[in-house]
Amino acid sequence: MSGIYRKRGHPRLVIDLFKLKNNINKVQNRCRDCGVEIAGVIKGCTGLIPCVEQFAKAGCRWIASSRLEQLARVRNSGIQTDLMMIRVPGLSEAEDVVRICDYSLNSELVVLEELNRQAREQDKLHKVILMADIGDLREGFWDKEEMLRVAMMVEKDMKNLELAGVGTNVGCYGSVVATSEKLQELVDIAEDIENHIGRELEIISGGATTSLMRVWDGDLPERINMLRVGEGILLARDLKEYFGYDMDELFSDVFTLRAEVIEVKDKPSHPVGEIGIDAFGHQMEYEDRGIRRRALLALGKVDFGGSIDELLPRMDGIEILGASSDHTILDIQDLVDRGGDLKVGDVVEFDLNYATMVYLTNSDNIEKAYI
Ligand SMILES: *Cc1c(COP(=O)(O)O)cnc(C)c1O
């Protein structure tokens, strides 16, 4: 039986579904209190089905992703919740968007025409939300006359599309803050369109996790009735760390990365020899702090994607010094000075941020364990 290999369990990503469920319910309840339904955005955890099931069980009205392959997997898993494609689809994706998704966000007339054609061929009514760019400068109509014109065309001429509403996105590229005044601009756009089509829109979608601030503060413009929330549920870090919000009712440790110690030794802190470039071609600076205890982990940039700043050791006294493709180097001298230590075979735990969550959930090298 040579050549057969079964992974022994590390590195491993432990996902606490109870904590995830708590976060979904808490955010959903807060939103419902202000008349807002959430679309659970699953791209941050690569649409892992056990996670998506929690969104579905909690009664989210939509499950949303920027990636069609994730939404297809959700559909094939038997989850019945309406699916929403939240990256404006490309022309080549139109057929699959109509086949897999109930809703999509859109900003281009040619794509809407193609969606309409595909929906006619598949004998479906596909719901679209038109995106307004109100300053963040990623997706969406900048020219609001153009947006109105396209809305009228969808409403009047595209029989297999339903104009479900309008939406916007802030705080992604342009770092624009989701203030109440900013989001009111979206409501004004919606009402202008409503005046022209002579009916109310089903959906006014006021952004992502950063718009949750308005829910917490109770000053979300009244007519906004949908938010698309990923980070604020999966990690629940950004609003606390970047905006100072009290998010204590949410768990920010749904995800735990566990990695195995494969070497522990006292070594100099400054490399010994002529200093050139590191494994990635970078010129590095090394501080000489004398001899210090180091631990080496069987985990590398291949697994977590590149930046050691994005891994957050749970235990005090551990500092990440660096990483190459398959190794991560820890300075554990502070831990030793406090009477602690690590030995070969121990497991070190980390919290994640958004980027490491994306990489680790996406990686086949990482075993996923659900508790
Ligand atoms: C990723 C994304 C979201 C969710 O963002 P979070 O910050 O994770 O809540 C919402 N809308 C769109 C269009 C997105 O691409």
For S104: the one exception among (1) surrounded by fewer than 16 Cβ atoms within 10 Å (Cβ to Cβ); (2) not in a helix (DSSP H, G or I):
(1)
Let me spell it out: the conditions are (1) exposed (fewer than 15 other Cβ atoms within 10 Å of the Cβ); (2) among the charged types (D, E, K, R); (3) farther than 17 Å from H10 by Cβ, and E310 meets all of them except one. Which number is the exception?
(1)
Under 8 Å between Cβ atoms, at least 6 apart or on separate chains: pull out the pairs that start in segment 37-61 with a residue that is part of a strand (DSSP E or B) and within 10 Å of the ligand (Cβ to nearest atom) and end on any residue that is open to solvent by 30 Å² or more (accessible area, probe 1.4 Å) and of a type outside the set (K, R).
none
If I204 passes every condition in (1) buried (at least 21 other Cβ atoms within 10 Å of the Cβ); (2) within 19 Å of the chain's Cα centre (by Cα); (3) within 16 Å of the ligand (Cβ to nearest atom) but one, which one does it miss?
(2)
For segment 332-349, which residues satisfy the criterion of being more than 13 Å from V261 (Cβ to Cβ) and touching a residue at least 40 places away in the same chain (Cβ under 8 Å)?
Q333, V336
If only one of D136, D123 is open to solvent by 60 Å² or more (accessible area, probe 1.4 Å) and out of contact with any Leu (no Cβ under 6 Å at 6 or more places or on another chain), which one is it?
D123
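So that you can scan it fast, the table gives a plain yes or no per residue for (1) out of contact with any Ser or Thr (no Cβ under 9 Å at 6 or more places or on another chain); (2) free of Cβ contacts under 8 Å to residues at least 24 places away in the same chain; (3) over 18 Å from I203 (Cα atoms); (4) of a type outside the set (A, V, I, L, M, F, W, C):
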site: I129; (1), (2), (3), (4): no, no, no, no
site: G140; (1), (2), (3), (4): no, no, no, yes
site: E145; (1), (2), (3), (4): yes, yes, yes, yes
site: L163; (1), (2), (3), (4): yes, no, no, no
site: G167; (1), (2), (3), (4): no, no, no, yes
site: Y173; (1), (2), (3), (4): yes, no, yes, yes
site: V177; (1), (2), (3), (4): no, no, yes, no
site: Q184; (1), (2), (3), (4): yes, no, no, yes
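Examine segment 267-277 for a residue that is of a type in the set (S, T, N, Q) and in contact (Cβ under 8 Å) with a residue 40 or more places away in the chain, and state whether such a residue exists.
Yes, segment 267-277 contains a residue that is of a type in the set (S, T, N, Q) and in contact (Cβ under 8 Å) with a residue 40 or more places away in the chain.
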Name, by its number, the condition in (1) more than 20 Å from the chain's Cα centre (by Cα); (2) of a type outside the set (K, R); (3) open to solvent by 30 Å² or more (accessible area, probe 1.4 Å) that does not hold for Y359.
(1)
Only one of D238, D253 is more than 15 Å from the ligand (Cβ to nearest atom) and either at positive phi or open to solvent by 10 Å² or more (accessible area, probe 1.4 Å) (or both), namely D253
Of the residues in segment 30-40, those that are open to solvent by 10 Å² or more (accessible area, probe 1.4 Å) and either under 20 Å from the mean Cα position of the chain (by Cα) or within 18 Å of M247 (Cα to Cα) (or both) come to R30, R32, D33, C34, E37
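The values are calculated or read from the model by the stated rules, or taken from the named source; none is laboratory data. Everything numeric here is computed off the predicted structure, so don't read it as measured data. Note that we place each Cβ from the backbone using ideal geometry, even for glycine, and neighbour counts take in every protein chain shown. For the accessible areas, the whole protein counts, side chains as well, though only heavy atoms, and no ligand, DNA or RNA atoms are used. Shrake-Rupley method; radii C 1.70, N 1.55, O 1.52, S 1.80 Å.
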